[in-house]
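Chemist: Sharing a structure with you now.
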Amino acid sequence: MKVLLQLYTAWFKMGLFTFGGGYAMLPIIQREVIEKYHWATEDEIMDYYAIGQCTPGIIAVNTATFVGYYQKGIIGGIAATLGVVSPSVIIIGLIASLISNFAELEIVQHALMGINVAVCMLMIQAIANLWKKSIKNIAAFCIFAIALLLSLFTGLSTVWLVILAGGLGIVLSKTGWLKHE
Amino acid sequence: MNDLWLLIVEFMKTGFFAVGGGLATLPFLHEMGAKYGWFTMDTLSTMIAVSESTPGPIGINMATYVGHSAAGWPGAVLATLGLVTPSVVVICIIANYFQKFKNAKIVQMIFAGLKPAVVAFIAAACLNLFVSTLLYAERGISNGIAELFNWKCILLLAVLSGLKKIFPRVHPIAFIGAAALAGIVFSF
């Protein structure tokens, strides 16, 4: 019961302080899930992201379900998911019923611009961390570069990119260029 | 009552077929607006703007907003639950199998390839945020290069990065709060 409550409140907190999509959540996930509760390692979060990218639904929810499931089974997955969506329901519900011009308010726009800068900074840090752990050889760098260029400059769905990267993973591992532990 | 059922069914469908994150749900929302008249296309763009400027994953925010405009608070709750149900089911099944097979050689090879790609997806998301936050891309370079940069934001980025170096243990939430405050005080 205690773990379920922790899953709910921790993911509530993460939902409350995420601005943008699932990836913008990474710095807070690193702090809460990895460092504070030790529910997953950084490697495992990367695996969940990869799977979440090519399975149905929102990536933030998929990651929450994964983490919750490994702590307390299906109930854990549900508790984490309910936690991550609760702030949205409350906040959006209030805004929709009270302030329909919320996004045009000057104070909101100013605050959001500042928040975006903070998210930029936190994401650079998060990526620098991941880089050290995940891009250790030329083969890994090549997969990184190909995936980055394709996702920036083509409309190719990330589902295809995930399949491509998985295929490259097999081929490059077989040839010995890519190490897997 | 009817609307509530429709909301659950439509959002479960969306949750099941929208693969790849929050923005992948947009085409489904478009269709719902056209089909049921729950909102106009004008309101949809307001919904996107609000979803981007409030806490929480964008996909969830948009679902809640659509649900709320179709059927009030019960609509908001049911649309969101509808959206997340398919992923909870699918992920629980996958998580179960993943535990069994993650030590298989072939699975390890696949994930060795996926890891760098995921770093790339995160980097791409970050670069897009960079461009929209630090540059005035719409201005072009006709008025000189300096006009292109949002110097206030770049300065704040430098200050925040410096603070992060000095106080690495401070919680990310504190930086987000401080930056929001700076944005308001110095009217970014």
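Every read-out reported here was derived from the displayed coordinates using simple, explicitly stated rules and does not represent laboratory data. Computed from a predicted structure; not experimentally measured. Cβ placement follows ideal geometry from the backbone for every residue including glycine, while neighbour counts extend to all protein chains displayed.
Chemist: Is the shape of segment A:66-158 best called rounded, prolate or oblate, per the rule: a/c under 1.5 gives rounded, else a/b larger than b/c gives prolate, else oblate, with a ≥ b ≥ c the square roots of the Cα gyration tensor eigenvalues?
Modeler: Values: a/c = 2.32, a/b = 1.35, b/c = 1.71.
Here segment A:66-158 falls in the oblate category.
Chemist: For segment A:54-181, give the magnitude of the charge dipole about the Cα centre (Cβ charges: +1 Lys/Arg, -1 Asp/Glu; no others), in debye to the nearest 20.
Modeler: On the way: 6 positive and 3 negative charges, 133 e Å.
Dipole magnitude for segment A:54-181 comes out near 640 debye.
Chemist: Per residue of B:127-140, count partner chain C-beta atoms within 10 Å of its C-beta, then hand back the mean as an integer.
Modeler: Details: counts 6, 3, 10, 5, 0, 3, 9, 3, 0, 0, 0, 0, 0, 0.
The per-residue average across the peptide is 3.
Chemist: Just how far, in whole angstrom, is segment B:1-76 from segment A:43-114 if you go by their alpha carbon centroids?
Modeler: Each part reduced to its Cα centre gives a spacing of 14 Å.
Chemist: Averaging sequence separations of C-alpha pairs under 8 Å and six or more residues apart, then dividing by the length of segment A:35-111, give the relative contact order as a whole percent. Don't skip to the answer; put the middle values down first.
Modeler: Details: 48 pairs, mean separation 13.0, N = 77.
Answer for segment A:35-111 is 17 percent.
Chemist: How big is the charge dipole of segment B:105-185 about its Cα centre, in debye rounded to the nearest 20, if each Lys and Arg gets +1 on its Cβ and each Asp and Glu gets -1 on its Cβ?
Modeler: Details: 7 positive and 2 negative charges, 83 e Å.
That gives segment B:105-185 a dipole magnitude of about 400 debye.
Chemist: If I take the Cα coordinates of chain B and project them onto the principal axes, what are the three extents in Å, biggest first?
Modeler: Answer, in whole Å and largest first: 54, 51, 35 Å.
Chemist: Average partner chain C-beta neighbours within 10 Å, per residue of A:43-53?
Modeler: So the per-residue partner count for this stretch is 6.
Chemist: So if I place +1 on the C-beta of Lys and Arg and -1 on the C-beta of Asp and Glu, and nothing else carries charge, what would the dipole magnitude of the protein assembly as shown be about its Cα centre? I want it in debye, nearest 20.
Modeler: On the way: 21 positive and 16 negative charges, 265 e Å.
Using Cβ point charges on Lys, Arg, Asp and Glu, the protein assembly as shown gives about 1280 debye.
Chemist: Round to the nearest 10 and give me the degree value, 0 to 90, for the angle of helix A:59-98's Cα axis relative to the longest principal axis of chain A.
Modeler: 40
Chemist: What is the fewest-to-most order of A:Thr154, B:Thr43, A:Thr65 by other Cβ atoms lying within 10 Å of their Cβ? The partial results should precede the final answer.
Modeler: Working: A:Thr154 10, B:Thr43 15, A:Thr65 32.
Placing the least packed residue first, the sequence is A:Thr154, B:Thr43, A:Thr65.
Chemist: Sort B:Met47, B:Met12, A:Met14 so the one with the fewest other Cβ atoms within 10 Å of its own Cβ comes first.
Modeler: Working: B:Met47 24, B:Met12 18, A:Met14 27.
Lowest to highest Cβ neighbour count: B:Met12, B:Met47, A:Met14.
Chemist: Pairs A:Lys132/B:Lys115; A:Lys132/A:Lys174; A:Lys133/A:Lys179; A:Lys36/B:Lys102: which exceed 20 Å Cα-Cα?
Modeler: Details: A:Lys132/B:Lys115 12 Å; A:Lys132/A:Lys174 23 Å; A:Lys133/A:Lys179 12 Å; A:Lys36/B:Lys102 25 Å.
Beyond 20 Å between Cα atoms: A:Lys132/A:Lys174; A:Lys36/B:Lys102.
Chemist: Based on the mean of other beta carbon atoms within 10 Å per residue, what is the order of B:112-118, A:39-45, most packed first? Show your work: numbers first, answer last.
Modeler: On the way: B:112-118: 27.3, A:39-45: 17.7.
Those peptides, ordered most packed to least, come out B:112-118, A:39-45.
Chemist: Using Cα-Cα distances under 8 Å and only pairs 6 or more residues apart, what relative contact order does chain A have, in percent?
Modeler: On the way: 158 pairs, mean separation 42.2, N = 181.
For chain A, the relative contact order is 23 percent.
Chemist: Right, something else. Taking only C-alpha pairs under 8 Å that are 6+ residues apart, what is the relative contact order of chain B in percent?
Modeler: Numbers: 133 pairs, mean separation 31.6, N = 188.
Relative contact order of chain B: 17 percent.
Chemist: Pick out which of B:His30, B:His171, B:His68 has the largest mean-square fluctuation in a Gaussian network model of chain B, springs linking Cα atoms closer than 10 Å.
Modeler: Among B:His30, B:His171, B:His68, the largest mean-square fluctuation in the Gaussian network model of chain B belongs to B:His171.
Chemist: Next up: Summing -39500 (n - 2.57) over the DSSP H runs of n ≥ 4 in chain B and dividing by its residue number, what mean residue ellipticity at 222 nm do you reach, to the nearest 500 deg cm²/dmol? List each step's numbers first, then the result.
Modeler: On the way: 7 runs with 143 residues, N = 188.
Only helices count here, giving -26500 deg cm²/dmol.
Chemist: Which loop chymotrypsin sites (Phe, Trp or Tyr not before Pro) in segment A:98-181, with loop taken from DSSP, have no more than 16 other Cβ atoms within 10 angstrom of their Cβ?
Modeler: Numbers: sites: A:Phe102, A:Trp131, A:Phe141, A:Phe144, A:Phe153, A:Trp160, A:Trp177; in loops: A:Trp177.
Those satisfying the criteria are A:Trp177.
Chemist: If you don't mind, another one. Projecting each Cα onto the charge dipole of chain B (Lys/Arg +1, Asp/Glu -1 at the beta carbon, about the Cα centre), which of B:Phe111, B:Asn2, B:Met12 comes out farthest on the positive side?
Modeler: Checking the options against the dipole of chain B, the answer is B:Phe111.
Chemist: Summing -39500 (n - 2.57) over the DSSP H runs of n ≥ 4 in chain A and dividing by its residue number, what mean residue ellipticity at 222 nm do you reach, to the nearest 500 deg cm²/dmol?
Modeler: Roughly -25000 deg cm²/dmol at 222 nm, from the helical runs in chain A.
Chemist: Take chain B, mark every one of the trypsin sites (Lys or Arg not before Pro) that falls in a DSSP loop and has at most 14 other Cβ within 10 Å, then report the longest stretch left between them, sites excluded.
Modeler: Counting only loop sites that pass the neighbour cut-off, the longest clear stretch is B:1-101.
Chemist: Give the distance, in whole Å, between the Cα centre of segment B:83-148 and the Cα centre of segment A:128-181.
Modeler: 12
Chemist: A follow-up question, please. List the pair-distance distribution P(r) of the protein assembly as shown, using every Cα-Cα distance, as the percent of pairs falling in each 10 Å bin from 0 up to the bin containing the longest distance, rounded to whole percents.
Modeler: Going from the shortest bin to the longest, the percentages are 5, 24, 33, 27, 10, 2, 0.
Chemist: Going through the DSSP H helices of chain B, which span 18 Å or more along their own axis at the Cα atoms while scoring at least 0.5 as a mean Kyte-Doolittle hydropathy?
Modeler: Numbers: long enough: B:2-17 (23 Å, 0.88); B:58-101 (44 Å, 1.13); B:105-134 (43 Å, 1.69); B:151-166 (23 Å, 1.42); B:172-185 (20 Å, 2.21).
Span-like helices in chain B: B:2-17, B:58-101, B:105-134, B:151-166, B:172-185.
Chemist: Against the longest principal axis of chain A, how steep is helix A:2-16, in degrees 0 to 90 to the nearest 10, with axes from Cα atoms?
Modeler: Between the helix axis and the principal axis of chain A, the angle is about 80 degrees.
Chemist: Separate question: Average partner chain C-beta neighbours within 10 Å, per residue of B:68-79?
Modeler: Numbers: counts 7, 3, 0, 0, 3, 5, 0, 2, 7, 4, 0, 1.
Whole-number average of other-chain Cβ neighbours for B:68-79 is 3.
Chemist: Can I ask one more? Of B:Gly144, B:Thr85, B:Ala120, whose Cα points farthest to the positive end of the dipole of chain B (charges on the beta-carbon: +1 Lys, Arg; -1 Asp, Glu; origin at the Cα centre)?
Modeler: B:Ala120
Chemist: With a/c under 1.5 counting as rounded, go ahead and sort segment A:2-133 into rounded, prolate or oblate using the C-alpha gyration tensor (a ≥ b ≥ c being the square roots of the eigenvalues; past the cut-off, prolate if a/b is larger than b/c, else oblate).
Modeler: Oblate, since a/c reaches 1.5 and b/c is not below a/b.
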